[in-house]
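Please read the structure below before turning to the comments.
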Amino acid sequence: MRDAWYADNRDLIKWGILLRLASILDVGRVLQLAFYRPGEFGRLDIDGEGYEIPEEVIAHFRNLRTIGGIGSKTRVTVFDPLFQDRAAHLQAVLALLPAFAHERCIVFLDPDTGLESRKPSLDHVLASEAGAIWGAMKAGDVFAFYQHQTNRAGRPWVEPKRDQLGEALGVPTRAIKVARGPAITQDVVLFYTQKV
């Protein structure tokens, strides 16, 4: 997840769904695995002179850690080490999960785009990574996954990605539920399933 895109309408959908799910499923914590990569913000032009955006402005509007202080009975923990080495990142995630063994969590995978495409990049989570995280979760935890619309020239994209995620987790597609905010934007869904 890039900080340049944080706090847009998609975050309203993501966090609205996650906190509602936490309430519905009686889950006490959301653990956001941010797949964080810093973004470029561009420069300001004031009367022909170039300036950087002040750090305090970026910190206020684009700091993905601010969700950790949300006023909710659901606690939010943001895991946001720099995502640049897939193997090291996955090992860090797998080492983190046991710290939450005493409580039921929504483990939220939050990449830039979603599940890998034919040409995966750091914008994506690999199917093998999703499967490894699912395998390390405990019974009762909820797996949640951010998926942005794939570039399919108007062709259906939700069901193919849902099928792909079910295959990655080794669960039937019908076990993967879909949540969305179509009145806000139609290019994002969250997939979720609870581990039994």
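For segment 140-157, the tally of residues that are out of contact with any Ser or Thr (no Cβ under 6 Å at 6 or more places or on another chain), surrounded by 12 or more Cβ atoms within 10 Å (Cβ to Cβ) and modelled with pLDDT under 95 stands at 2. Figure legend. Inter-residue proximity from segment 30-47: first residues more than 30 Å from GLN194 (Cβ to Cβ), second residues exposed (fewer than 11 other Cβ atoms within 10 Å of the Cβ) and hydroxyl-bearing (Ser, Thr, Tyr), beta-carbon distance below 6 Å, spacing 6+ or different chains. Indicated pairs: LEU44/TYR51. Among the residues of segment 64-81, is there at least one that is more than 26 Å from LEU12 (Cβ to Cβ), part of a helix (DSSP H, G or I) and of a type in the set (A, V, I, L, M)? No, that holds for no residue.
Here GLU103 fits the description: touching a strand residue (DSSP E or B) at 6+ places or on another chain (Cβ under 7 Å) and either modelled with pLDDT of 85 or more or surrounded by fewer than 19 Cβ atoms within 10 Å (Cβ to Cβ) (or both).
Taking the listed residues PHE61, PHE83, the one that is touching a residue at least 24 places away in the same chain (Cβ under 8 Å), over 18 Å from TRP134 (Cβ atoms), touching a Lys or Arg at 6+ places or on another chain (Cβ under 8 Å) and among the aromatic types (Phe, Trp, Tyr) is PHE83, with no other qualifying.
Please enumerate the residues belonging to segment 173-196 that are at pLDDT 95 or above and either touching a Cys at 6+ places or on another chain (Cβ under 8 Å) or within 22 Å of ARG104 (Cβ to Cβ) (or both). Within segment 173-196, ALA175, ILE176, LYS177, VAL178, ALA179, LEU190, PHE191, TYR192, THR193, GLN194, LYS195 qualify.
In segment 151-170, the residues that are in contact (Cβ under 8 Å) with a residue 40 or more places away in the chain reach residues that are surrounded by 20 or more Cβ atoms within 10 Å (Cβ to Cβ) and assigned to a helix (DSSP H, G or I) with C-beta atoms within less than 6 angstrom, at least six apart or across chains, in these pairs: ALA168/ALA130. A search for C-beta distances below 8 Å between a residue of segment 1-16 that is over 21 Å from PRO38 (Cβ atoms) and any residue that is at pLDDT 90 or above and acidic (Asp, Glu), counting only pairs 6+ apart in sequence or on different chains, returns nothing.
The values are calculated or read from the model by the stated rules, or taken from the named source; none is laboratory data. Source: prediction; values computed, not measured. Every residue, glycine among them, receives a Cβ derived from its backbone with ideal geometry; neighbour counts consider all protein chains shown.
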